[in-house]
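This report concerns only the one structure given below.
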Amino acid sequence: MSVDHAELVHFEGTINQGLSIEPDDWMPGRYRQSLVRMISQHAHSEIMGMYPEANWISQAPSLRRKIALLAKIQDEAAHGLYLYSAAETLGAQRSKNESELRNGRAKYSNLMDNAATSWADVGAIAWLGDGAGIVNQVSLQDNSYGPYARALQRICQEESFHQRQGYEIIAVLAKGSAAQKEMAQSAIDRWWIPSLMMFGPPDSLSSHSEQSLRWRIKCEPNEVLRQRFVDDLVPQIVDLGLNLPDETIKWNDTRQSYDYGEIDWQHFKDLVSKGGFQRAERLEARTNAWYEGAWVREAALARNNQLRKAS
Ligand code: BYC
């Protein structure tokens, strides 16, 4: 048996036993590349996830709502940072990752390219968008790469709070005046499909699913997770007296799940390759934030160097 083959057998054995791969362990190049790709895209999604909601901080309807929204947005920034650190343990350079995000070469969840046009959208992003994120990330907590799995445990705890405050925003509007209920309905209508898209294409169209499932980079197929989200969300939306923006949604007794309409995967492909409605604004905002924050990075670095010299 060649050395590489023996290493591969040991590596796959570790994964099959449900154990973790750690940064200093031997790993195939494709495992490393696939994780760097996925963790970096995940980090970018968290960072870009701050933007649709950020415009509403100054317009939040009460001090309580403003505090919750600020805390949520700060959490998304922190999630991005944990994940960039996890990618660094695999040799990814943070500066390269960040510059690829600014210059538009990096991918991130297409949900973030949509505009939040009302306060109800802030609720829908958190309830549906973070909700889809949680279903996916709870499953990913069991992924085979230790630093990513550990980052996800912390992220999931915080995401649950995000989802809850989103639900509460929509629930209050749904029980309010006719205009408020209409605002909640319109938000559900617009954020439903982008949230379903957060799980990626069906596995038959996914370029990575087969290998990623084999190495437990992903723990469950995209379609299984999307179905779980639909099954969780449909009764809750109906309970609030709101409608689903998909007339084909129907309980299927045989499958013990909801049937739902086909997603336009060609449209998804176009959104991913060309960018969504607000892509240009999002990248401009990210670039401005990078330059405006330069003094903070320089100050932190100077302080770090000072501490290092003193020790
Ligand atoms: N938008 O073979 P596939 C959050 C890409 S943020 C754009 O299935 P994979 C939140 C995919 O990257 C948390 N692109 O890929 C924060 C791939 O492209 P490449 C977001 C998408 O990796 C603030 C190609 O399509 N969660 O919750 O096996 C506010 C083929 O797909 C999308 C994560 O990032 C999309 N929606 O599976 C609100 C979780 N979907 O690399 C909310 C971690 C797919 O071939 N990531 N693509 O060029 C994952 O679980 C997996 O990467 C995915 C895709 C399930 C997303």
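A single member of Glu76, Glu88, Glu22, Glu53 is in contact with a Gly (Cβ under 6 Å, 6 or more places away or on another chain) and under 30 Å from Ile125 (Cβ atoms), and it is Glu76. When Glu22, Glu46 are checked against the criterion of being surrounded by fewer than 20 Cβ atoms within 10 Å (Cβ to Cβ), of a type outside the set (A, V, I, L, M, F, W, C), within 27 Å of Ser144 (Cβ to Cβ) and touching a helix residue (DSSP H, G or I) at 6+ places or on another chain (Cβ under 9 Å), Glu22 stands alone in meeting it.
Residue-wise test of (1) within 15 Å of Ser139 (Cβ to Cβ); (2) assigned to a loop (DSSP other than H, G, I, E, B); (3) more than 9 Å from the ligand (Cβ to nearest atom).
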{"site": "Glu159", "(1), (2), (3)": "yes, no, no"}
{"site": "Glu182", "(1), (2), (3)": "no, no, yes"}
{"site": "Trp191", "(1), (2), (3)": "no, no, yes"}
{"site": "Ser195", "(1), (2), (3)": "no, no, no"}
{"site": "Asp203", "(1), (2), (3)": "yes, yes, no"}
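From the list Val238, Val234, the lone residue that is within 30 Å of Glu168 (Cα to Cα), out of contact with any Phe, Trp or Tyr (no Cβ under 9 Å at 6 or more places or on another chain) and either in a strand (DSSP E or B) or modelled with pLDDT of 95 or more (or both) is Val238. Here Gly275 meets each of (1) more than 10 Å from the ligand (Cβ to nearest atom); (2) at positive phi with one exception, condition (1).
Selection of first residues in the range 208-226 that are within 18 Å of Gly13 (Cα to Cα) and of second residues that are open to solvent by 60 Å² or more (accessible area, probe 1.4 Å), restricted to Cβ pairs under 6 Å at least 6 apart or on distinct chains, gives the following pairs, ordered by first then second residue: Cys219/Asp142. Exactly one residue out of Ala78, Ala92 is outside any helix (DSSP H, G or I), open to solvent by less than 50 Å² (accessible area, probe 1.4 Å) and within 16 Å of the ligand (Cβ to nearest atom), and it is Ala92. One residue stands out among those in the range 54-74 that are of a type in the set (D, E, K, R) and surrounded by fewer than 21 Cβ atoms within 10 Å (Cβ to Cβ): the one that is farthest from the ligand (Cβ to nearest atom), which is Arg64. With the condition kept exactly as written, say whether any residue in the range 279-296 is touching a Leu at 6+ places or on another chain (Cβ under 8 Å), open to solvent by 50 Å² or more (accessible area, probe 1.4 Å), at pLDDT 95 or above and of a type outside the set (Ser, Thr, Tyr). Within the range 279-296 (the criterion being touching a Leu at 6+ places or on another chain (Cβ under 8 Å), open to solvent by 50 Å² or more (accessible area, probe 1.4 Å), at pLDDT 95 or above and of a type outside the set (Ser, Thr, Tyr)), the answer is no, since none of the residues qualifies.
A quick yes/no check of all residues on (1) open to solvent by 20 Å² or more (accessible area, probe 1.4 Å); (2) part of a loop (DSSP other than H, G, I, E, B); (3) within 11 Å of the ligand (Cβ to nearest atom):
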site: Lys107; (1), (2), (3): yes, yes, yes
site: Thr117; (1), (2), (3): yes, yes, no
site: Ala126; (1), (2), (3): no, no, yes
site: Asn136; (1), (2), (3): yes, no, yes
site: Leu152; (1), (2), (3): no, no, yes
site: Ile155; (1), (2), (3): no, no, yes
site: Arg164; (1), (2), (3): yes, no, no
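The test for being over 27 Å from Ser139 (Cα atoms), open to solvent by less than 50 Å² (accessible area, probe 1.4 Å) and not polar (S, T, N, Q) holds for Leu242.
Checking the stated criteria, Gly13 turns out not to satisfy the condition of being surrounded by fewer than 18 Cβ atoms within 10 Å (Cβ to Cβ) and outside any helix (DSSP H, G or I).
At positive phi, among the charged types (D, E, K, R) and within 14 Å of the ligand (Cβ to nearest atom): is that true of Arg228 in this structure?
No: the conditions fail for Arg228.
The values are calculated or read from the model by the stated rules, or taken from the named source; none is laboratory data. Everything numeric here is computed off the predicted structure, so don't read it as measured data. With ideal geometry, Cβ positions are generated from the backbone for all residues, glycine too; neighbour counts draw on all protein chains shown. These accessible areas exclude ligands, DNA and RNA; they are computed on the full protein's heavy atoms, side chains included. Shrake-Rupley method; radii C 1.70, N 1.55, O 1.52, S 1.80 Å.
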